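To keep things clear, I will list the structure first and then write my remarks on it.
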């Protein structure tokens, strides 16, 4: 295809920022590279070693990504834990201990009071030497808010000054990048450093956000940076995207301790081009990352997973009714959240609000902190809250949620039967209800601010609270009314029928599903958390219901909604294009436009071409046999054309404005005293994709998606008629969905 | 695209047997159907209900597939268990009890001797009223061989007489069908019935084969048959293949009790076109199937999985060395097995051998049974053997494999430290070594015979034996030489360092990986068996090594090798096409051939076209503007053309041989007294795929794969030059790989 006798001109075949890559060309280039190495490998031992090391470099890269992203995740976990506790007090034994570690080393504590030890000093103890009374409370309150504001201020300032791309969850942008778009610096080293630091700050500030989404971004940054060490991946945009898919899997793997779930998340939610080879490598990277994290052991309990749960009671078929109710709740919450959040983010983009990100973050942090402190369930970190909600009450649990009557009266073995709720449970229910309302409202305003913010944890918290409330309600119902028809067949008095922790888990899955519209990966992540196939059916029922309900109210998940809000050129692979339009309805030029700008293969001068380049902004031009016949020869990219002409004018003797440009294989013999010709066949793509004008758009969209095209030429009875670019396709899809087509362009 | 004013002619748009479907057209038709229903749904309530029920029919279908394939799997398990025991004896309490159930109901047994109860009578007890002595042994031996021969004879006869497609594992054919080929009856009801029955017979006959692969075939038959109940799937070949992908997942799910592994198997190994919507539905079907099977409870232990294992000892990093050794063994076995098995199958195809399938089966059965009976590890069913090999020796195990010295001397709690092997273990080692040799040799001759035969279980058995042998060896080494440098850092005397069961498991994964080249799905299936992330790393190390070793010795897995042996037109999606040929090197007509046969759009008579049809065998013809210009208008299929002309001659007044066929939109006004014209634009595909003659074949192959094309037209500078069909592509790939290109055609 290319003329390999000539040296390639530097710059030809690279891309500008905010451009779409040509998957076909990139993959083709990688195959050429591979072929060359394979052919050479037969020549010498050194070349053979090179060939083998090239083949294994992918695996090495995966190993490095796993190690690096696992370590970073561990670092983030440890720092966030310490800084979250810093809002409440400090350890006198050593300021670098968090609350839990501080009291581990203490000799003065019993198991019951394991949270209270003399080494750990709340701020009131440090400042006014007491922990009792209203004044101490106010001091602690004040310090809590102060630290929160400080962390939030640092986070937003660092993001604003050093790396604006470090904000948000990053998943919408990563999806766009993986689909073939180029955003330089989005996965660079500055983004990595600042995102890592500000993620810790943002999580510690107590805002209603999680670190799971941003961890995917961090892992992708690691992947992208490590790509630079390997020729194979540095120079090829398609190969690099394979690595990024695997890095995304590693990110989810460390976020939840779920390697299989991570791979499926990458496959289902993030990736665009996911060949099976990548599947296996992603799995490897995810596993290495998970085990690196485990050996760092940030939670201090040797557990791989964030929320380790072990349930012992089976569920009953009837319980599917409340599980499906939770699914409906999750779907409603998902749809509501997406609508209101997108509306708020649009307001931020279009009004004065967006100009003051620091103020916005500080105000939201202040409100969150002020409202959060008085309620212990909002004061604790959200992941701790979820962990407590998932937990099935055991004998030794001192939590208020487990304050049932007759708590130490176990009838058989260690199993706890359903019991009437005690005072603690009732007060916990009220507090949880308030927490639910606060989380629902504040998360809408938090997601999208100019700090790193993930959505998994807040969504799961909302669902877990709702689930636990329903679960406790069901439990009490079953206890007091075990003679009701719905209970009496399976729930005798004193039996352990209902596990409120399972309800919390199902609720969390439902809400997460409603917001993100994940399906298989969601269930697999939850399965990896519990480790038992037993509970897949409830989770699946809830996730399915939630997706159906949410889809009925709005087709897009939160990430797709943000992609559309930001106008990224992302061609959704999941949605079918359902309209009966034809290629001729979409192609440029439109019916009354001037004719398509084409180059001829052997009759245009350098000047003609330069005029066309300066007068148009098209990123490429079809080359035809002659203007009359309009028979297509090939396609040439604007960027390659400019670079080649510049290069020829500099280096090739005698190329002047009147030189004729030839795209043919052989230029005819020229009469003497004419300026030398310029042969540009080597930059001509001789296999441009074409469709006929009567091709249904559904097929065209399919081709664009599956082959990753940038543009496609349209012919009628063998004559070139027009061109369809990816942007035309995206605009057309938006138009058909009654959206503003101009919002599609990246801005 | 189609002229919807006219009624479609019956038969247009369907396929002949042994033809390849056109994915683009099928998907297009489904979208048309869907659009029509959606548009109508706004008109009346009834249409709305129809639209909703249409949307949910996919889920209903999945539910039915899950229920049916789960039930069939349970039925097969129970019957095979009973019939396997029938070879050894019968229960006097009721002949329908198998050995285990028979003794469950007995009052006369202790836990130690739970296998021996008076109700269970071996054949010698029934016939000569004793179980002791050489004569009784001979009677039992004789009966064992006799039953085996009877079962095998029944199996092969039923297959031969009623459903020849029921033989083999079915996975190569299912892969081919899913890639778009049509083999009528392969997934029909007769195949289902006969395969279910003969599978039980074949497994019970004691041959070295498993039921896992055939279960996938059975599940796909269920899927295909159930498709007939739903219009949406009955009439659309592409949609039906989505259902079959999900059914394959359900099949693996019930085979191993591993729903997630099943879905990944379908994705990685079997499926061709696997949209994400299918992923979620497959998961649902797999889960329903698994739970149906569990509620049938064929193993009598409430376990979902075939080989439930629970290990308690962690593994040490050093142990990766033996695990990798097992991986190498697995890879070598895989490569050896594939080569020898394919060579033997080729012999069967090409020599007289293939003409006597019944004799072949009987001979192999006789040899297997005669060699198997004396050795208890070959006499027991292969899945029982694997189960025993995976098992970690507990306190109560009475197996010979657990006959260690000081077996009841536990130092701490219930944990058993490493101990010196006793007499039983040594004799078990010898017997296992013999079993290994027998299994390796006999499996090569068994797989491919004309009975249902799966490969998973025999492969796993080979690996499990090798693994257990190595594991026990390591254990003894660690016990006697715990002062060696490799042991002394982690394995003190009296500690439980090595788990031989884990080695068996790793070996099984390695051998299965070597034969099938599964990767992620293999590890996930094994993960679902053990349920602990802990052991994924050993499994992954072994699976990776095994795949690398096996790939170095031969690129194809067993299924691909059988696809090639049988010449199915399967375009492998995983292998990259690595040669630098162009479309012009592959297209027909070749350089010196006569010109491409084309139709013109407005100048050929019915007779001209009929002559072309009768003189050629092409399955379609390009339509051009005129022979001189060779500008492409569209493509018409031979089958559609024949049906339409026949139909017109019958129904349309005055269409005679001299009528001119028009493919244009409007036929020009005709002079009087000329015969009426025949308009055939409605059968013309106006959007045929085209590539230029200079397109690299790697891109063409990619297009064929991703879009599922049947043919592609080749143009040069806008003029039609030739055609490439899927068979041309397959032939070319075979040619480039130095294989016989004619072997590609289905025969």
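We did not get these values from a lab; they are worked out from the coordinates using the rules stated. A quick note: this is a predicted structure, and the numbers were derived from the prediction, not measured. Note that we place each Cβ from the backbone using ideal geometry, even for glycine, and neighbour counts take in every protein chain shown.
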Could you calculate the FRET efficiency of residue B:434 with residue B:580 from 1/(1 + (r/R0)^6), where r is the beta carbon distance between them and R0 is 56 Å, rounded to 0.05?
-> 0.60
Return, for the Cα atoms of the range B:596-643, the radius of gyration and Dmax in Å, separated by a comma.
-> 10.0, 29
In nm, one decimal, shortest first: how far is the label point of residue B:131 (7 Å from Cα along Cα to beta carbon) from the matching points in the other copies?
-> 7.0
Label 7 Å along Cα→Cβ of residue B:318; the range B:512-551 residues with amide nitrogen under 19 Å?
-> B:538
Within 10 Å of each Cβ in peptide B:503-510, how many partner chain Cβ atoms are there on average? Round it to a whole number, please.
-> 0
Under the Debye formula (equal points on every Cα, no solvent term), log10 I(q)/I(0) of the range B:27-160 at q = 0.12, 0.17, 0.18, 0.19 Å⁻¹ | -0.66, -1.00, -1.07, -1.12
If you wrap a convex hull around the Cα atoms of the range B:171-247, how much volume per residue is inside, in Å³?
-> 78 Å³
Which of rounded, prolate, oblate describes the range A:250-333, given a ≥ b ≥ c as roots of the alpha-carbon gyration tensor eigenvalues and a/c under 1.5 marking rounded, otherwise prolate only if a/b is larger than b/c?
-> oblate
Which log10 I(q)/I(0) values, to two decimals, does the range A:420-496 give at q = 0.18, 0.20, 0.28 Å⁻¹ under the Debye formula with one point per Cα?
-> -0.79, -0.88, -1.21
Pairwise Cα inverse-distance average, inverted: Kirkwood Rh of the range A:14-83 (Å) | 15.6 Å
Prolate/oblate/rounded call for the range A:245-289, Cα gyration tensor, a/c under 1.5 rounded = oblate
In deg cm²/dmol, rounded to 500, what helix-only [θ] at 222 nm does chain A give when every DSSP H run of at least 4 residues adds -39500 (n - 2.57) and the total is split over its residues?
-> -18000 deg cm²/dmol
Here the equivalent ellipsoid of chain B, derived from its Cα gyration tensor, has semi-axes (largest first, whole Å) of 57, 28, 24
Rg/Rh for the range B:646-726, where both radii come from Cα atoms and Rh is the Kirkwood radius | 1.16
Project the alpha carbons of the range A:511-580 onto their principal axes and report the range along each, largest first, in whole Å.
-> 44, 23, 18
How big is the Rg/Rh ratio for the range A:523-649, C-alpha atoms only, Rh by Kirkwood, two decimals?
-> 1.26
Sites residue B:150 and residue B:552 - FRET efficiency at Förster radius 51 Å, r taken between beta-carbons, to 0.05 | 0.70
Scattering profile of the range A:328-395 from the Debye formula, Cα beads only, expressed as log10 I(q)/I(0) at q = 0.12, 0.23 Å⁻¹, is -0.54, -1.07
For the range B:457-508, the convex hull over Cα atoms projects on average to an area in nm² of 3.2 nm²
Distances from residue A:275 to the same position in the other copies: list them in nm, one decimal, shortest first, using label points 7 Å from Cα along Cα→Cβ.
-> 2.4
Evaluated at 4 °C and 1.567 mPa s, the Stokes-Einstein D of the protein assembly as shown based on the Kirkwood radius over Cα pairs, in µm²/s, stands at 37 µm²/s
Ranked B:442, A:171, criterion: other C-beta atoms within 10 Å, fewest first = B:442, A:171
Based on Cα positions only, what radius of gyration and what Dmax would you give for the range B:216-369, in angstroms?
-> 20.4, 58
Counting only other chains, what is the mean number of Cβ atoms within 10 angstrom of the Cβ of each residue in peptide A:23-29?
-> 2
Between copies, how far does the label point of residue B:595 sit from its twins, in nm, shortest first, when each point is 7 Å from Cα along Cα→Cβ?
-> 2.8
Can you figure out the FRET efficiency of residue A:14 with residue A:38, using R₀ = 25 Å and their beta-carbon distance, to the nearest 0.05?
-> 0.50
Under the classification rounded if a/c is under 1.5, otherwise prolate if a/b is larger than b/c and oblate if not, where does the range B:452-611 fall, given a ≥ b ≥ c as square roots of the Cα gyration tensor eigenvalues?
-> prolate
If one computes the Cα centroid of the range B:587-640 and of the range B:517-584, what distance in Å separates the two points?
-> 42 Å
Please arrange A:449, B:83, B:143 by counting, for each residue, the other beta carbons lying within 10 Å of its beta carbon, fewest first.
-> B:83, B:143, A:449
Evaluate 2.2 N^0.38 Å with N set to the residue count of the range A:610-684, then give the Cα radius of gyration divided by it.
-> 1.13
Taking all pairs of distinct alpha-carbon atoms in the range A:608-747, Kirkwood radius in angstrom | 17.2 Å
Let me know the whole percent of all Cα-Cα pairs from the range A:139-210 that are separated by more than 13 Å.
-> 66 percent
Sort B:584, A:505 so the one with the fewest other Cβ atoms within 10 Å of its own Cβ comes first.
-> B:584, A:505
Could you work out how far the C-alpha centroid of the range A:670-729 sits from that of the range A:28-42, in angstrom?
-> 27 Å
Can you pull the one-decimal nm distance between simple spin-label points at residue B:189 and residue A:384, each 7 Å off the Cα toward Cβ?
-> 6.5 nm
